[in-house]
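The values are calculated or read from the model by the stated rules, or taken from the named source; none is laboratory data. If you're wondering where the values come from, they're calculated on a predicted model, not measured in any experiment. Here the Cβ positions follow ideal geometry from the backbone for every residue, glycine too, while neighbour counts run over all protein chains shown. Surface areas here come from the heavy atoms of the whole protein model, side chains and all, with no ligands, DNA or RNA. Shrake-Rupley method; radii C 1.70, N 1.55, O 1.52, S 1.80 Å.
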Amino acid sequence: MARCHTILTHVIVAWKMDQRVTIGETFLALKLDKSVRILDVACGAGAVAQELVQRGYTNIDGLDSMKGYFEEAQSQKLYNITYHNAVTPDKKLPIQDQSYDVLLCCAGFFDGLMSPRVFPELIRITKKGGVLIWNIVEGYEDIPGDFKYYDQIIDELRGSKHWDYLIPRQCMKRIVFSDSGAAFLGGYAGAGLDARGYIYTMTRL
């Protein structure tokens, strides 16, 4: 996998390589209607939702499998509905098909968290024409388990017309992983740890 050496610009968003970029900022740059229904996947303590609520987006639900983070998110009353569930390749979530206009996921794709094999399930609960945005660290192909198939899975789902890039993959030096466990336990729930990596913005076909 090529390292992030170049600045990527496009018609919707253009970040500087040394700028800290959050999933929330990536979503807000799309300037979607405030009424869109959003699912914050692997919502952690609610850092992504906090950023959106401050900008007038309140139709947000949260999903997380970790009890401590889940309880913290509930206590902040950021979400209309909360799901205490893991996202796994072999189990359907208790969510109907095409329920959400937007799926956001910050720091959800790591060893021991979500496998890239869950992408079909995330697509299932996204409305046609809806948006999926997530981040992942550079070097993901070396993460144990299914991550060696990460690019292949994304491309196969593009080939089968399940989704496509709404924005070309963004290669960034300082992506903020706001809800990562290390960030939360280290007292960085609001600011987050940053790392070199990628932001994906896909649309369901």
Legend entry - In segment 124-150, residue nearest to Val41 (Cα to Cα) [restricted to those that are in a helix (DSSP H, G or I) and touching a residue at least 24 places away in the same chain (Cβ under 8 Å)]: Arg124
Inset, instruction - Evaluate segment 95-111: report whether one residue or more is of a type in the set (Asp, Glu), at pLDDT 95 or above and farther than 23 Å from Ile199 by Cβ. - result: yes
Inset, instruction - Check segment 105-123 and report whether any residue there is open to solvent by 10 Å² or more (accessible area, probe 1.4 Å), assigned to a strand (DSSP E or B) and touching a residue at least 60 places away in the same chain (Cβ under 8 Å). - result: no
Legend entry - Some residue of segment 59-80 being part of a loop (DSSP other than H, G, I, E, B), at pLDDT 95 or above and within 24 Å of Ile167 (Cα to Cα): yes
Inset, instruction - Please specify each residue of segment 151-168 satisfying the condition of being in a helix (DSSP H, G or I) and open to solvent by less than 50 Å² (accessible area, probe 1.4 Å). - result: Ile153, Ile154, Leu157
Inset, instruction - Check Ser180, Ser115, Ser160 and return the single one that is of a type in the set (Ser, Thr, Tyr) and modelled with pLDDT under 95. - result: Ser180
Inset, instruction - Among residues belonging to segment 39-58 that are under 15 Å from the mean Cα position of the chain (by Cα) and part of a helix (DSSP H, G or I), point out the one that is surrounded by the most Cβ atoms within 10 Å (Cβ to Cβ). - result: Val48
Inset, instruction - Taking Tyr165 as the residue in question, decide whether it is within 15 Å of Val102 (Cα to Cα) and either of a type in the set (Lys, Arg) or at pLDDT 95 or above (or both). - result: yes
Inset, instruction - Check off (1) open to solvent by 30 Å² or more (accessible area, probe 1.4 Å); (2) touching a strand residue (DSSP E or B) at 6+ places or on another chain (Cβ under 8 Å); (3) outside any loop (DSSP other than H, G, I, E, B); (4) without any contact (Cβ under 8 Å) to a residue 40 or more places away in the chain for Asp101 and give me the number that stays unchecked. - result: (4)
Legend entry - Evaluation of Ile38 against (1) farther than 23 Å from Tyr140 by Cα; (2) at pLDDT below 90; (3) touching a strand residue (DSSP E or B) at 6+ places or on another chain (Cβ under 6 Å) (one fails), failing number: (2)
Legend entry - Any hit, segment 84-97, residues being more than 26 Å from Gly129 (Cβ to Cβ), part of a helix (DSSP H, G or I) and open to solvent by 50 Å² or more (accessible area, probe 1.4 Å): no
